[in-house]
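*Asks:* Pasting a structure here, questions to come.
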Amino acid sequence: MNYSFHPDAEKELNEAVDYYNECQNGLGLEFAKEVYLAIQNILSFPHAWAQLSSNTRRCLTNRFPYGVIYQVTNEEVFIIAVMHLNREPDYWKKRETKA
């Protein structure tokens with residue numbers, strides 16, 4: 001199974017990596033590894049995480065307060081958002097596609 005990012009989700013990931021690197025050298029890389037580990041888990045078990053709507057799910061990262069919001073469409077995982085869990089919880093809904 002393949003995956004792709006909504007352009008805004010990719011931007012969120014890159015901005016968070018930059019932020020964590022500013023906090024501590026190398027922390028951004030650790031954050032990126034956690035996000036990509038979550039994506040690998042999603043690819044292995046796409047329907048295992050909490051549903052947020054009929055076709056949208058969220059997988060949480062382990063060390064950081066982030067969730068990967070995604071949809072499974074036509075054997076692809078489409079990542080809608082890399083969301084900080086303590087900020088505007090529904091902002092990503094405008095990105096939802098009809099799967």
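The values are calculated or read from the model by the stated rules, or taken from the named source; none is laboratory data. These figures come from a predicted structure and were not determined experimentally. Using ideal geometry, Cβ is built from the backbone for each residue, glycine included, and neighbour counts are taken over all protein chains shown.
*Asks:* Tally up the residues in the range 71-85 that are among the charged types (D, E, K, R) and without any contact (Cβ under 8 Å) to a residue 60 or more places away in the chain, please.
*Replies:* Final tally of qualifying residues: 0.
*Asks:* Moving to a separate point now. Just give me the residues in the range 20-37 being out of contact with any Leu (no Cβ under 9 Å at 6 or more places or on another chain) and without any contact (Cβ under 8 Å) to a residue 24 or more places away in the chain, in sequence order.
*Replies:* E22, C23, Q24, N25, G26, L27, G28, L29, K33, Y36
*Asks:* Give A81, A99 a once-over and let me know the one that is of a type in the set (A, V, I, L, M, F, W, C) and modelled with pLDDT under 90.
*Replies:* Being of a type in the set (A, V, I, L, M, F, W, C) and modelled with pLDDT under 90 holds for just one of A81, A99, which is A99.
*Asks:* For the chain, which fully contained strands (runs of 3 or more DSSP E) count at least 2 residues that are crowded, with 19+ Cβ neighbours inside 10 Å?
*Replies:* Hits in the chain: 56-60, 66-73, 76-84.
*Asks:* Note down all Cβ pairs under 9 Å where the first residue falls in the range 47-70 and is over 18 Å from S4 (Cα atoms) and in contact (Cβ under 8 Å) with a residue 24 or more places away in the chain, the second is surrounded by fewer than 21 Cβ atoms within 10 Å (Cβ to Cβ) and among the hydroxyl-bearing types (S, T, Y), and they're at least six residues apart or on different chains.
*Replies:* Pairs that qualify, where the first residue is over 18 Å from S4 (Cα atoms) and in contact (Cβ under 8 Å) with a residue 24 or more places away in the chain and the partner is surrounded by fewer than 21 Cβ atoms within 10 Å (Cβ to Cβ) and among the hydroxyl-bearing types (S, T, Y), are F64/Y20.
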